[in-house]
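Encoded as structure tokens, the structure appears first; notes follow it.
The values are calculated or read from the model by the stated rules, or taken from the named source; none is laboratory data. Since we're looking at a predicted model, the values are computed, not measured. Quick reminder, even Gly has a Cβ in these numbers, built from the backbone with ideal geometry, and neighbours come from all protein chains shown.
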Amino acid sequence: MDTVSTGSAARITQPAGLIDKAALHSQAAHSALRYAVEAPSAQQPVFEGLIDTTKLSEGLIQHRVDARDLQGAAVRADLQPGLRIAVTVAGRADVSYDGYRLLLGPHRDGGAAGAMVALTEPARFVRQSRRGDIERSVSLTLSEAWLRERLGDTMPFCLEFARRHLSVHPWMASSQTVALVTQMLAPSALEGPLWRLYQESRCMALVVDALSDLDGAAMAPVGVTLRPRERVRMEQVRDLLDSGAADEMSLVEIARQACVSVNTLQRQFRAAWGKTVFAYLRDARLARARMALERDAVSVTEAALIAGYSSPANFATAFRQRYGIAPGQAGRRGD
């Protein structure tokens, strides 16, 4: 079994393994290029409980945490590229990706805050906790090849999301998904290939929940009233997206242009325009591609590149979903 485990307990209320810096470094090899742990004492254990990383299949890595912080530690790492899906079902996780901060944890209704983060290049990861903090969570890393093999051309929006660095999609994991995560963290009598199959089956259900939410995301306004200055700023961001100048920018770069944090950008943009920055940019690029087809008689391949698709087939699927016609038909309408 291609796994590195630093504890055997699935619940920290049970007898728990002690996890030191060396154990944390060894288990980080699957998903981190560089890894560092900052804690008051280098000689004492940092966590107690379970922290392990398992490569379940080619392109699918599972990371499980069911642990208590013994010192007040900060974990810093340079993560490898991939689409990350994370759910925290107890305690909380205070993490950031290239400066984009996420607070994950359970909700009163039985669900939990989950998040998807797309990394197309190495990204700086920070996890901060205080002494005594508890975290019970599962996170998955999916490679682009893994996604392409399983999704094909059927979910172009999900593939496009995964190809844009630092795309972030928070979602509310259902109580059923919370139960799946709890099962992944629980002790199991299974070993070897059966244990791997058991974990992978539950990972697949978690992926389905997350990608279904992403694919069906039609972001509505969140009821936030913007001040005049904030609305003007969001109009400027919208103009930037419409112009094409932001096509290759990350969310961090767009937020920097707007002189706000990424969190503020996402919240205010959604309040102003009813969708995320990423969703708006996707639609703006598709609109520019349609205009090029109708007015400039470009080829479907050229229009796909304008819309940000390397695959004309994926572009055609997204175009048809957006406008109800094939790209070739849009070109003929401009004749």
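Counting just the residues of region 147-200 that are acidic (Asp, Glu) and in a helix (DSSP H, G or I), which one comes out surrounded by the fewest Cβ atoms within 10 Å (Cβ to Cβ)?
149
Step by step: first the residues of region 258-301, then only those that are surrounded by fewer than 19 Cβ atoms within 10 Å (Cβ to Cβ) and charged (D, E, K, R), then the one that is modelled with the lowest pLDDT. Which residue is that?
Among those residues, the one meeting the criterion is 275.
Do any residues in region 109-137 that are assigned by TED's automatic domain parsing to the domain that holds residue 74 have Cβ atoms under 6 Å from those of residues that are surrounded by fewer than 16 Cβ atoms within 10 Å (Cβ to Cβ) and at pLDDT 95 or above, where the two are at least six apart or on different chains, and which pairs are they?
none
Looking at 245, 255, which is the one that is surrounded by fewer than 20 Cβ atoms within 10 Å (Cβ to Cβ) and without any contact (Cβ under 8 Å) to a residue 60 or more places away in the chain?
That would be 245, the only listed residue that is surrounded by fewer than 20 Cβ atoms within 10 Å (Cβ to Cβ) and without any contact (Cβ under 8 Å) to a residue 60 or more places away in the chain.
Please give the helices (runs of 4 or more DSSP H) falling wholly within region 239-319 in which 1 or more residues are hydroxyl-bearing (Ser, Thr, Tyr).
The helices (runs of 4 or more DSSP H) meeting that bar are 262-273, 277-296, 300-306.
Would you pick out the residues in region 277-312 that are farther than 25 Å from residue 168 by Cα and either among the polar types (S, T, N, Q) or touching a residue at least 40 places away in the same chain (Cβ under 8 Å) (or both)?
Residues satisfying the conditions are 290, 293, 294, 299, 301.
Restricting attention to region 24-64, and to residues there that are in contact with a strand residue (DSSP E or B) (Cβ under 8 Å, 6 or more places away or on another chain) and free of Cβ contacts under 8 Å to residues at least 24 places away in the same chain, which single residue is farthest from residue 133 (Cα to Cα)?
Checking each candidate, the answer is 26.
When the residues of region 205-232 are narrowed to those that are of a type outside the set (Gly, Ala, Ser) and outside any helix (DSSP H, G or I), which ends up modelled with the lowest pLDDT?
Out of the qualifying residues, it is 219.
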